[in-house]
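First comes the structure, then the notes that go with it.
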Amino acid sequence: MDLKQEVGNPTSIRITRIVEENRSCHTLYFDIPWRDCSIQPGQFIMVWIRDVDEIPLGICYCDDKEMGMTVRRVGEATDALQALQPGDYVGLRGPFGNGFTLNCKNPLLIGGGIGMAPLRYLTKTLLHKGSDVTLLVAAKTESELLLYDYDNRASNSFRLEIATDDGSRGFEGLATELADSLLKKHDFDRIYACGPELMMASLLNLASDYGLPLEASLERYMKCGCGICGTCAMDPQGLMVCVDGPVLSGKKLRQIDEFGSYTRDSTGQRRPL
């Protein structure tokens, strides 16, 4: 059974369990209807909630039995998702978009806030491929840290770094400041990032300073998920986050005028970051 129905009806999938990560974020786990998980880290799924809406969500976990997506409460659709219980059903379409490339040996992964969701799955995948992974998890305060305390610590190839703006856990300061310190100490070969766009724009400059390739996962307002509606198009090339992204290379990001400056609302109007 294939979930990839780009313009057709979504496939009905059962919620198997729910984990409350913090006050605003829950991770929902679902049955998956295939034996071999074909989802790349960084891709996303369109999730349909009956009588409410359809929204894009990144994948934070996937194996041969279940798939997980972390939901932050920001509006009607996410409120409705968080109100569901194990045994309830949602509709899924996907996976969509381009994921992260996996050709690295010693990467630095940097996740800010809900941006940790796709990086959790990426971390697991890279460790399985034999990479030495350094994961930098960042948030404003300790209670907002997400998805870092799982099964990776048993691996000798995994190193965890934590930054909070207020110093309540780990390094006190911005993710970019801790990243700069780590880049001075270690010989990384690639940077992966997901989180607030202003953070990722600063990391793009940092990657340039150290001569490293960077890949970042962007978030934009989406309706269709497959390049038809055009609501997630970015100036000036017209790249669409749902098709050309959500993961984009540093080279492409440098060609996008709006990256790190503004986003667009549901009407297509520019909104400063």
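The values are calculated or read from the model by the stated rules, or taken from the named source; none is laboratory data. All of these numbers come straight from a predicted model, not from anything done at the bench. Every residue, glycine as well, gets a Cβ built from its backbone with ideal geometry; the counts of neighbours run over all protein chains shown.
Listed values, structure above:
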| quantity | calculated |
| --- | --- |
| Some residue of the range 139-147 being in the same structural domain as residue 198 (by the TED database), modelled with pLDDT of 95 or more, buried (at least 19 other Cβ atoms within 10 Å of the Cβ) and not basic (Lys, Arg) | yes |
| Of all residues in the range 235-273 being in contact with a Phe, Trp or Tyr (Cβ under 7 Å, 6 or more places away or on another chain) and without any contact (Cβ under 8 Å) to a residue 60 or more places away in the chain, the one that is surrounded by the fewest Cβ atoms within 10 Å (Cβ to Cβ) | 272 |
| Candidates 215, 219 - the one that is part of a loop (DSSP other than H, G, I, E, B) and within 15 Å of the chain's Cα centre (by Cα) | 219 |
| Leading residue by the ranking (nearest to residue 263 (Cα to Cα)) among those in the range 178-205 that are surrounded by fewer than 16 Cβ atoms within 10 Å (Cβ to Cβ) and among the polar types (S, T, N, Q) | 205 |
| In the range 89-121, residue surrounded by the fewest Cβ atoms within 10 Å (Cβ to Cβ) [restricted to those that are within 23 Å of residue 160 (Cβ to Cβ) and of a type in the set (D, E, K, R)] | 105 |
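Let's see how each residue does on (1) without any contact (Cβ under 8 Å) to a residue 24 or more places away in the chain; (2) over 17 Å from residue 72 (Cβ atoms); (3) touching a strand residue (DSSP E or B) at 6+ places or on another chain (Cβ under 6 Å):
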{"position": "89", "(1), (2), (3)": "no, yes, yes"}
{"position": "109", "(1), (2), (3)": "no, yes, yes"}
{"position": "128", "(1), (2), (3)": "yes, yes, no"}
{"position": "140", "(1), (2), (3)": "no, no, no"}
{"position": "144", "(1), (2), (3)": "no, no, no"}
